[in-house]
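J.: Before we start, here is the structure in question, set down as structure tokens.
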Amino acid sequence: MMEFPEDLRYTKAHEWLRRKGTEAVIGITDFAQDALGDVVFVELPAVGTQLTQGQTFGVVESNKTVSDLFAPVSGRVLAVNQVLRDEPERVNEDPYGAGWMIRVAPSRSEEIETLLDAAAYRAFVASEQKT
Amino acid sequence: MLLDEPLIFERGSPGRMGWMLPAAPASIELPRELRREDDLVGMPEVSELEVVRHFVRLSQWNYSAATTLYPLGSCTMKYNPVVHEALVRLPGFSALHPLVPDELAQGALDLLAQLEEALRAVSGLDAVCLQPAAGAHGELLGMLLVRAYHRDRSDARRRRVLIPSSAHGTNAATSTLAGYEVREVPVDQRGLLSARAVAAVMDDSVAALMVTNPNTLGLFEEEIEAVAALVHERGGLVYMDGANQNAILGVARAGDMGVDIVHFNLHKTFSTPHGGGGPGAGPVAVRAALGAYLPIPRLVRRGAQLAWSEDAPKSIGRLHAFDGNFGVLVRAVAYILRLGGPGLTEATRHAVLNANYVRARLRGTYHLPYETPSLHECVFSDRDLQEHGVHTVDVAKRLLDYGFYAPTIYFPLVVKGALMIEPTETETKETLDAFVDALLRIAEEARTQPTLVREAPHRTRLARLDETRAARRPVLRWRPPPRETAEIS
């Protein structure tokens with residue numbers, strides 16, 4: 001059974017965002033890691049990079065495919081998960097925890113309100129699986 | 001019988017050698033710069049027979065077009081006639097130094113001139129460059145020509161390249177490398193690029209459209225003329241990726257479709273050995289308006305003589321040392337001369353017939369995502385096998401048990417779980433039937449004994465490799481284990 005924690009916000013491109021005070025942590029969802037299969041490489045931006053909502057901020061590569069990562073919000077990158085460089089499998093094992101990807105300082109907090117909540121994302125995933 | 005075989009480094013014994021060399025006279029002192037200071041620990045020390053057995057055994061693990069049907073979609077793994085190998089080894093070709101004066105290389109230059117002429121004829125375009133060393137290199141030349149063309153007209157607005165979602169993956173990489181932004185144009189429900197979709201995104205910022213025709217679904221772009229007219233109207237150029245020309249050679253010409261630039265994959269369409277990294281050849285043909293920008297040197301006629309000329313002020317410069325991969329060009333000319341014009345057309349028709357025979361026999365059993373009539377290859381998906389827990393990769397692995405190389409899988413990306421089959425014209429009906437029968441049996445196995453398919457292959461020397469570990473923790477280089485006795489006298 002896939003997990004979509006209630007305290008996170010989601011995108012239709014299958015990223016999640018967790019608010020932490022004025023900052024936000026970003027990763028890919030349980031559905032995304034399952035669809036990708038074994039993740040073998042994660043390419044993340046440099047600290048300090050300015051992200052724009054909806055634009056790519058990195059690449060995740062699995063045995064099956066290579067996918068772009070899309071920024072859920074605009075903002076500046078404060079930190080990236082260095083562990084993923086040597087242990088990309090964390091994304092599969094713990095997508096909402098040890099598999100986090102970047103921490104950002106959102107520049108337009110109203111963008112967060114445009115993201116899906118867990119119920120809406122769950123419904124979106126269900127509709128995706130039907131097609 | 002497949003024999004196990006260690007690495008060559010793991011064979012042998014210290015001090016063993018294949019050749020007994022005479023002892024060096026004490027009076028010879030090698031100059032310091034020629035002496036090797038580090039020792040040779042880790043180098044294989046093996047007999048000649050060990051070397052022969054090592055490489056013969058490794059060769060027996062190979063799958064190749066010489067062993068079995070090689071139906072890799074998009075790759076055109078047709079048979080490479082052995083006589084071409086004999087021809088390319090003629091000393092006049094193989095021993096020719098690339099710096100020999102033009103007047104002493106007239107035969108080789110004449111061969112290149114013949115190839116240029118043949119490629120102009122089959123493309124319906126005006127000028128040819130033989131230098132690109134592979135398809136993607138030809139693409140890069142094409143996009144550099146696009147840049148040179150717009151720059152020469154002082155048209156600085158153009159920063160985008162349109163690429164349909166059914167294009168070759170290299171197209172986007174090429175455009176990026178040439179400094180352009182890529183804009184993807186979705187294909188319609190037929191799997192085709194529509195004039196309407198192009199019209200929606202075509203504007204003055206578009207430098208060119210890169211279109212693969214037929215596309216990676218094996219479908220002919222029916223609206224190509226209208227699409228090209230739209231692009232030209234707004235000042236853009238049309239680049240055609242010619243990787244799939246085995247479907248149209250001698251039947252349809254890029255120039256007649258409104259294409260301005262096209263590349264050929266001689267190693268695919270014109271039958272020269274490829275796979276495993278080349279060498280290839282990706283000549284480019286262009287319309288007269290782009291001829292001025294082609295690389296130097298150019299082949300020109302001076303009276304009865306052929307010569308290289310660098311007199312081309314608008315040229316983008318050199319693309320490759322000398323004139324490309326000459327051996328591949330020789331094989332391509334041999335192929336063209338052996339078949340002749342009508343023969344090339346007939347080969348195309350057979351390639352299309354073979355692919356459609358496979359498609360007709362498999363449809364109904366395997367899901368066909370696009371019903372549009374296809375040309376030289378056909379694309380199925382694993383949709384109807386998924387309820388049994390069997391996926392495209394399992395079908396591909398199980399095919400190995402039946403003695404066939406697997407088709408291209410999970411490409412093109414527009415089809416989920418794609419299985420892309422290109423049999424080429426060189427296969428007999430018997431081989432095609434055996435291949436189709438194997439795929440039909442595998443579909444049956446997927447229903448009745450899915451584990452058998454999921455755990456395949458069972459008859460190869462190794463079964464499933466740990467691809468995840470290979471990607472996450474690749475061992476890219478063999479390193480010698482520490483030796484207990486490293487003294488070599």
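The values are calculated or read from the model by the stated rules, or taken from the named source; none is laboratory data. Bear in mind the structure is a predicted one, so any value in this text is a computation, not a measurement. Ideal geometry is used to build each Cβ from the backbone, glycine not excepted, and the neighbour counts take in all protein chains shown.
J.: Residue B:429: surrounded by 18 or more Cβ atoms within 10 Å (Cβ to Cβ) and either more than 23 Å from the chain's Cα centre (by Cα) or not polar (S, T, N, Q) (or both), yes or no?
T.: Answer is no for this residue.
J.: More than 30 Å from residue B:411 (Cβ to Cβ) and under 11 Å from the mean Cα position of the chain (by Cα), is that true of residue A:103?
T.: When the stated conditions are applied, residue A:103 passes them.
J.: Would you mind telling me which numbered condition in (1) under 26 Å from the mean Cα position of the chain (by Cα); (2) away from chain A (no Cβ under 14 Å); (3) at pLDDT 95 or above residue B:476 fails?
T.: (3)
J.: Collect the residues in the range A:108-131 that are assigned to a loop (DSSP other than H, G, I, E, B) and at pLDDT 95 or above, keeping them in residue-number order.
T.: Result: A:115, A:117.
J.: Next question. Take the residues in the range A:71-80 that are touching a residue at least 40 places away in the same chain (Cβ under 8 Å) and more than 12 Å from the chain's Cα centre (by Cα), then tell me which one is nearest to residue A:9 (Cα to Cα).
T.: Restricting to residues being touching a residue at least 40 places away in the same chain (Cβ under 8 Å) and more than 12 Å from the chain's Cα centre (by Cα), the top hit is A:75.
J.: Which condition breaks for residue B:211 when tested against (1) modelled with pLDDT under 95; (2) within 21 Å of the chain's Cα centre (by Cα)?
T.: Condition (1) is where residue B:211 drops out.
J.: Also, quick follow-up: Would you confirm whether any residue within the range A:31-47 is at pLDDT 95 or above, within 16 Å of residue A:95 (Cβ to Cβ), more than 14 Å from chain B (Cβ to nearest Cβ) and part of a loop (DSSP other than H, G, I, E, B)?
T.: Within the range A:31-47 (the criterion being at pLDDT 95 or above, within 16 Å of residue A:95 (Cβ to Cβ), more than 14 Å from chain B (Cβ to nearest Cβ) and part of a loop (DSSP other than H, G, I, E, B)), the answer is yes, since at least one residue qualifies.
For every residue, the table says whether it meets (1) crowded, with 19+ Cβ neighbours inside 10 Å; (2) among the polar types (S, T, N, Q).
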{"residue": "B:97", "(1), (2)": "no, no"}
{"residue": "B:101", "(1), (2)": "no, no"}
{"residue": "B:113", "(1), (2)": "no, no"}
{"residue": "B:128", "(1), (2)": "yes, no"}
{"residue": "B:135", "(1), (2)": "yes, no"}
{"residue": "B:153", "(1), (2)": "no, no"}
{"residue": "B:158", "(1), (2)": "yes, no"}
{"residue": "B:166", "(1), (2)": "yes, yes"}
{"residue": "B:169", "(1), (2)": "no, no"}
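J.: Does the range B:225-256 hold any residues that are free of Cβ contacts under 8 Å to residues at least 40 places away in the same chain, within 27 Å of residue B:419 (Cβ to Cβ) and surrounded by fewer than 24 Cβ atoms within 10 Å (Cβ to Cβ), and which are they?
T.: Selection gives B:252 alone.
J.: While we're on this one: For residue B:473, indicate whether it is surrounded by fewer than 16 Cβ atoms within 10 Å (Cβ to Cβ) and not small (Gly, Ala, Ser).
T.: Yes, satisfied.
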